[in-house]
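Below is one structure; the comments refer to it alone.
The values are calculated or read from the model by the stated rules, or taken from the named source; none is laboratory data. Quick caveat, the model's predicted, so the values are computed rather than measured. Counting neighbours? That spans all protein chains shown, and the Cβs are built from the backbone with ideal geometry, glycine included. The protein model used for the area step is the full one, side chains on, heavy atoms only, and it has no ligands, DNA or RNA in it. Shrake-Rupley method; radii C 1.70, N 1.55, O 1.52, S 1.80 Å.
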Amino acid sequence: MIDSDRIRIAVAIARSGAASRRAAEELVRQRRIAVDGQVVTDLSLRVLPASQQITLDGRPLAEPEPLRYYALNKPRGVLSTVRDDRGRHTVVEFLPRDAPRCVPVGRLDLDSEGLLLLTNDGPLVDRLLHPSQEVQRVYLAEVIGQPSDRALDRIFEGIRDQDELLQAKPARSRRPGRSLNKRRTTSWLTLTLHTGRKREVRRLCDAIGHPVVTLRRVRFGPLLLRDLPAGKIRPLSRREIRLLRRAAGLTSDTDNAES
């Protein structure tokens, strides 16, 4: 085994299933983690899980879980979270029974639908969600009425709301399309965003006076929803995983494991 196979101690703990990445960092700070019998406190420490013994409170950690990546077409009425104290349905219920502990990458609100990535690759999740990566999110939004060119320009120029600048990218967004619902006067927008702020598309459309009726994410980075039915989940191909790593600024499998 070579030195480049080393991964950060918190990553090793998280991949064992003992704790989330953030919780793993806290375990290190609390001096509850030891490597080959020596208590560690340095979060930058890199280890070789296959050849070194890592313990939590004196007990060896389990073997690292295999990395898994899934694309889900989230239906309406399902929460983009791991658990809910009110007993509502969550996206992890769609994972295969033999899947390791996976988390959603970002969120779609309760009434939104569409593409959602789930994985147990913590470093990849962190990089995909970091604002500096500007990973594209493409949405189809059905809105009430038909926004004027000036209203759409406001979205493209940016709208400040609750001390946040909300903005869609004009070069990759489209003007309203014909309504597909004959029972009400609506139009469809294709909006491309580079951030994952809470309810950003809905807030943008509310700000120009055209509330969202239906919201569907059809792309996340290089991943496309395509014809995946609502409520269905599928594993990603090797090519899709490779493209995701590239979008996250991770150039190799080793980089992905280490970050």
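When the range 41-63 is filtered for residues that are of a type in the set (A, V, I, L, M) and either assigned to a loop (DSSP other than H, G, I, E, B) or within 25 Å of the chain's Cα centre (by Cα) (or both), the ones remaining, listed by number, are L43, L45, L48, A50, L61, A62. Among residues of the range 64-94 being in a loop (DSSP other than H, G, I, E, B) and under 16 Å from D121 (Cβ atoms), the one that is modelled with the highest pLDDT is R68.
Does at least one position in the range 19-27 carry a residue that is farther than 17 Å from D121 by Cβ and surrounded by fewer than 17 Cβ atoms within 10 Å (Cβ to Cβ)? Scanning the range 19-27 turns up at least one residue that is farther than 17 Å from D121 by Cβ and surrounded by fewer than 17 Cβ atoms within 10 Å (Cβ to Cβ). For the range 182-233, a residue qualifies if it is open to solvent by 60 Å² or more (accessible area, probe 1.4 Å), in a loop (DSSP other than H, G, I, E, B), at negative phi and in contact with a Ser or Thr (Cβ under 9 Å, 6 or more places away or on another chain), and exactly one does: T185.
Assess whether R107 counts as being modelled with pLDDT under 95 and closer than 30 Å to R216 by Cβ. In short, yes.
Annotation note: Cβ proximity below 9 Å between a residue of the range 40-60 that is farther than 14 Å from Q30 by Cβ and small (G, A, S) and a residue that is open to solvent by less than 80 Å² (accessible area, probe 1.4 Å) and part of a loop (DSSP other than H, G, I, E, B) (sequence gap 6+ or interchain) occurs for A50/P64.
If the condition is being among the hydroxyl-bearing types (S, T, Y) and either open to solvent by 80 Å² or more (accessible area, probe 1.4 Å) or touching a helix residue (DSSP H, G or I) at 6+ places or on another chain (Cβ under 6 Å) (or both), then the range 42-74 contributes S51, Y69. Within the range 95-106, identify whether any single residue is in contact (Cβ under 8 Å) with a residue 40 or more places away in the chain, more than 22 Å from A248 (Cα to Cα), open to solvent by 40 Å² or more (accessible area, probe 1.4 Å) and assigned to a loop (DSSP other than H, G, I, E, B), and answer yes or no. The answer is yes; a qualifying residue exists. Taking the range 117-163 as the range and being open to solvent by 50 Å² or more (accessible area, probe 1.4 Å), small (G, A, S) and either touching a Leu at 6+ places or on another chain (Cβ under 8 Å) or closer than 30 Å to G17 by Cβ (or both) as the test, only S132 passes.
Identify the residue in the range 8-18 that is crowded, with 21+ Cβ neighbours inside 10 Å and out of contact with any Pro (no Cβ under 7 Å at 6 or more places or on another chain) and, among all such residues, is modelled with the lowest pLDDT. Show your work before the answer.
Going through the range 8-18, the residues crowded, with 21+ Cβ neighbours inside 10 Å turn out to be 8-15.
Narrowing further to those that are out of contact with any Pro (no Cβ under 7 Å at 6 or more places or on another chain): 8-10, 13-14.
On the way: R8: 87, I9: 94, A10: 91, I13: 91, A14: 84.
Step by step, filter the range 8-18, then rank; the result is A14.
Determine if the range 55-74 includes at least one residue that is within 30 Å of L215 (Cβ to Cβ) and of a type in the set (K, R). Yes, the range 55-74 contains at least one residue that is within 30 Å of L215 (Cβ to Cβ) and of a type in the set (K, R).
Any idea how many residues of the range 241-251 are within 19 Å of G196 (Cβ to Cβ) and either touching a residue at least 60 places away in the same chain (Cβ under 8 Å) or in a strand (DSSP E or B) (or both)? So that I can check it myself, show each step before the final result.
We begin by selecting, within the range 241-251, every residue within 19 Å of G196 (Cβ to Cβ); these are 243-250.
Going one step further and asking which of them are either touching a residue at least 60 places away in the same chain (Cβ under 8 Å) or in a strand (DSSP E or B) (or both), we end up with 244-245, 247-250.
Matching residues across the range 241-251 total 6.
Residues considered: P176, P100, P123. Of these, the only one that is at pLDDT below 90 and in contact with a Phe, Trp or Tyr (Cβ under 7 Å, 6 or more places away or on another chain) is P176.
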